[in-house]
Amino acid sequence: MLKQISLLSATLLIICTSVTAQDANDFRFGLQISPSVSWMNTDDNRITNQGTALGLKLATQAEYVFSDKYSIASGIGFHFNTGGSMLSQYGGQFFTESIVEGQPFNNPAAPTGDQVLLDYSIQYIEIPVSLKLRTREFGTLTYFMEAPIFTLGFRSNVKGGLSGGGLTEQIEDLSIKKEVSPIAFSWGFGGGIEHSILDGTRLFAGLTFQRMFLDATKDKEYTYTGRVANDDPKATINSLTLRLGILF
């Protein structure tokens with residue numbers, strides 16, 4: 001995680017340096033450390049959400065202010081441990097291209113039974129772009145709304161696990177990069193409050209909802225017992241984030 005934090009800090013330094021010649025009143029920069037909760041859904045009613053994932057967003061934030069009430073917001077950051085758990089009523093063979101302890105996962109040698117739990121823990125590098133609308137100041141407080149928020153994500157690390165389905169023990173820490181799509185694209189909206197503390201510095205807090213457009217998983221090669229061959233159910237990730245940060 002230290003490697004990611006160093007990269008994020010370097011990115012913020014580059015952004016700040018690149019706009020030193022611009023009108024400082026037109027730009028606002030900041031950082032956010034935001035806990036999140038995410039879950040997965042599919043378009044197959046026999047593969048259902050069974051659990052959430054608690055994650056964390058660590059990101060820079062930049063805003064171009066073009067009026068008192070409107071700005072364009074963007075940034076770059078990491079979304080750690082997004083995903084969740086899905087319960088498959090189909091048995092079969094899953095995570096067929098995964099790696100465990102440097103070796104191909106045997107997946108297992110025989111298909112699992114029904115009611116198998118699939119766990120996903122995905123890390124994305126995210127680049128959001130949004131329109132931000134603000135109210136006038138009420139003392140030291142300003143309320144804001146962001147809509148729409150479009151986010152481009154790049155998969156950077158993925159872990160998976162299997163349990164249930166007649167398995168004698170839970171299988172954890174599978175490297176499943178090949179089982180998850182490398183690019184994610186989502187839409188969302190959010191809102192919150194800013195509190196002015198000193199010389200234009202503001203603390204902010206808010207809630208953001210995010211929903212993925214694209215299929216997050218690559219499971220066409222899975223062997224599901226009792227399912228139509230070559231069927232590829234679409235799985236999407238939804239997340240709710242408590243945004244906490246500071247703007248300068």
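The values are calculated or read from the model by the stated rules, or taken from the named source; none is laboratory data. The model shown is predicted, which means the values in this text are computed figures rather than measured ones. Cβ sites come from the backbone with ideal geometry, for glycine too, and all protein chains shown count toward neighbours.
Quick one: is Asn81 modelled with pLDDT of 85 or more, part of a strand (DSSP E or B) and either surrounded by fewer than 19 Cβ atoms within 10 Å (Cβ to Cβ) or of a type outside the set (S, T, N, Q) (or both)? Give the steps one after another, and end with the answer.
Values: modelled with pLDDT of 85 or more: yes; part of a strand (DSSP E or B): yes; either surrounded by fewer than 19 Cβ atoms within 10 Å (Cβ to Cβ) or of a type outside the set (S, T, N, Q) (or both): yes.
Yes.
Could you check, for segment 226-235, whether at least one of its residues is surrounded by fewer than 16 Cβ atoms within 10 Å (Cβ to Cβ) and in contact with a Ser or Thr (Cβ under 8 Å, 6 or more places away or on another chain)? Checking segment 226-235: at least one residue is surrounded by fewer than 16 Cβ atoms within 10 Å (Cβ to Cβ) and in contact with a Ser or Thr (Cβ under 8 Å, 6 or more places away or on another chain).
Between Met145, Met212, the distinction of being over 28 Å from Thr48 (Cα atoms), of a type in the set (A, V, I, L, M, F, W, C) and without any contact (Cβ under 8 Å) to a residue 60 or more places away in the chain belongs to Met145 only. For segment 189-214, a residue qualifies if it is crowded, with 19+ Cβ neighbours inside 10 Å and farther than 22 Å from Ser85 by Cβ, and the qualifying residues are Gly190, Glu194, Arg202, Gly206, Thr208. Quick one: is Thr217 β-branched (Val, Ile, Thr) and surrounded by fewer than 19 Cβ atoms within 10 Å (Cβ to Cβ)? Considered against the rule, which asks whether it is β-branched (Val, Ile, Thr) and surrounded by fewer than 19 Cβ atoms within 10 Å (Cβ to Cβ), Thr217 comes out as no.
Residue-level check: of (1) modelled with pLDDT under 90; (2) surrounded by fewer than 20 Cβ atoms within 10 Å (Cβ to Cβ); (3) in contact with a helix residue (DSSP H, G or I) (Cβ under 7 Å, 6 or more places away or on another chain); (4) not hydrophobic (A, V, I, L, M, F, W, C), Gln103 misses just (3). Considering segment 34-59, the residues that are of a type in the set (Val, Ile, Thr) and modelled with pLDDT of 95 or more include one that is surrounded by the most Cβ atoms within 10 Å (Cβ to Cβ), namely Thr52. Counting the residues of segment 214-248 that are modelled with pLDDT of 75 or more, of a type in the set (A, V, I, L, M, F, W, C) and farther than 28 Å from Ile193 by Cα gives 3.
Look at segment 52-67: where a residue is in contact (Cβ under 8 Å) with a residue 40 or more places away in the chain and a partner is acidic (Asp, Glu), sitting 6+ places away or on another chain with Cβ atoms under 6 Å, you get Val65/Asp26. In this structure, is Gly113 more than 16 Å from Thr241 (Cβ to Cβ) and either buried (at least 19 other Cβ atoms within 10 Å of the Cβ) or out of contact with any Leu (no Cβ under 9 Å at 6 or more places or on another chain) (or both)? No: the conditions fail for Gly113.
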